[in-house]
Every structure is written in structure tokens, then in C-alpha cells.
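Accompanying notes for the structure given below.
Values in this text are rule-based calculations from the coordinates and carry no lab data. Predicted, not measured: the structure shown is a model, and the values here were computed from it. Neighbour counts run over all protein chains shown; Cβ positions are idealised from the backbone, glycine included.
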Amino acid sequence: MRMMKCVMKSRVLCALVLLLAGCATSKEELLPAGNSDMMAIWSGRQADPNGAADSRTVTETARSALRRALTNDEAARLQQADTAYTRTQSSEIHQQFPRLPNPDMVMYVFPYLSAGNLPVPGYSTVFPFYHQVQYALPGERVEGL
């Protein structure tokens with residue numbers, strides 16, 4: 001029992017010493033300000049330790065040396081891969097709100113004379129089979145049987 005009290009007192013003492021040591025450190029000593037201002041940091045420029053502002057960092061220089069233009073084949077493959085996995089507003093709406101099949105009917109209107117004896121050329125028009133658009137319930141099959 002006495003041993004437990006001794007261990008507990010030593011732990012509390014260590015925690016107290018660490019806490020006081022943390023409070024004794026100044027902000028400038030712990031986190032030095034450096035030579036860069038916010039605009040230089042935002043634009044990606046870093047200040048070197050000597051005080052001169054470098055317009056390009058070592059990382060940017062290395063990246064620019066490794067960059068090359070894509071070939072036509074690589075660009076085409078990249079475009080094709082992007083379209084297969086890209087989410088669009090249309091695909092999101094069709095996935096979240098699937099419509100039940102509603103076939104379109106095409107009707108041809110033959111040429112005729114209007115009320116004022118003017119000729120109207122023949123034309124085709126499309127209208128849906130059902131009057132209203134019906135949406136599928138969750139879990140309902142929407143593809144043809």
C-alpha cells in the first residue's frame with residue numbers, strides 16, 4: 001500500500017514538472033516566426049535561412065524537371081478513363097430517381113390544308129405512351145423484363 005502511494009506521488013510530481021516546463025517555454029522559442037510573410041507562403045515561395053527570398057522552391061524545381069507533355073494516346077486514354085468514372089448531375093439524378101419505362105410513340109401527321117387554305121407540310125411528333133412520368137420505388141426493377 002505504501003509502495004502504491006510512493007509510485008502515485010512520483011507520477012504526479014513528474015506530470016507537474018512537465019507541465020511547468022511547458023509553460024516556461026516562450027512562444028518564439030517553441031515556434032520561431034521565420035522570414036516568410038503570409039503572401040510568400042501562399043504563393044509557394046519559401047525564404048531560405050540566409051534571409052533571401054527564393055522564387056521557386058527545390059520541390060517546384062524538381063517537379064518542373066520531371067514534367068513532360070502527354071502524348072495523344074495517353075491523353076485519349078486519360079479522357080476515356082475519366083468519363084467512365086466521372087459523376088455528372090445527369091447520372092446522379094438517374095441513379096437516385098430512376099424512371100419506370102415509358103415508351104415514346106412517334107406519330108406522323110400527313111400534309112394538310114389549314115383553316116385559311118394554307119398548306120401545312122407533313123411532320124412527325126413524339127409523345128410518351130403514359131401521360132405522367134412514373135418513378136420507381138426503392139428496390140423496384142426499372143429495366144425491361
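State the label only: which of (i) 29.2; (ii) 8.5; (iii) 11.4 corresponds to mean projected area of the Cα convex hull in nm² computed from the shown model?
Checked against the structure: label (i).
Just tell me the longest site-free run in the chain, where the sites are chymotrypsin sites (Phe, Trp or Tyr not before Pro) in a DSSP loop having at most 15 other beta-carbon atoms within 10 Å.
Working: sites that count: F129, Y130.
That gives 1-128 as the longest site-free run.
At 7 Å along the Cα-to-beta-carbon direction for both A62 and L13, put a label point, then send me their distance in nm to one decimal.
Between A62 and L13, the label points sit 4.9 nm apart.
With r defined as the distance between the Cβ atoms of L137 and T88 and R0 fixed at 25 Å, what FRET efficiency is calculated, to the nearest 0.05?
Details: r = 24 Å, r/R0 = 0.97.
Computed FRET efficiency for L137 and T88: 0.55.
Using 0.36 nm per residue, how much length does the chain from F127 to M107 gain when fully extended, once their Cα-Cα distance is taken away?
Between F127 and M107, full extension yields 6.4 nm more.
For the chain, the longest stretch holding no trypsin sites (Lys or Arg not before Pro) located in a DSSP loop with at most 13 other Cβ atoms within 10 Å is which? Could the numbers behind the result be given before it?
Values: sites that count: R56, R67, R68, R87, R141.
Segment 1-55 is the longest.
Under the rule that an exposed site lies in a DSSP loop and has at most 15 other Cβ atoms within 10 Å, name the longest stretch of the chain with no GluC sites (Glu not before Pro) of that kind, not counting the sites themselves.
In short, 1-139.
So, R0 is 35 Å and r is the distance between the beta-carbons of L100 and A75; what FRET efficiency does that work out to, to 0.05?
On the way: r = 40 Å, r/R0 = 1.14.
My answer for the efficiency is 0.30.
Quick check on the chain: helices-only [θ] at 222 nm, where DSSP H runs of length 4 and up contribute -39,500 (n - 2.57) each and the sum goes over total residues. Nearest 500, please. Walk me through the numbers on the way to the answer.
Numbers: 6 runs with 64 residues, N = 145.
Calculated at 222 nm, the ellipticity per residue is -13000 deg cm²/dmol.
Determine ³J(HN,Hα), in whole Hz, for all residues of segment 69-76 in sequence, where each value follows from phi through the Karplus function 6.51 cos²θ - 1.76 cosθ + 1.60 and θ = phi - 60°; x replaces Gly and Pro.
For segment 69-76, the Karplus-derived couplings read 6, 6, 6, 4, 5, 5, 5, 5 Hz, x marking Gly and Pro.
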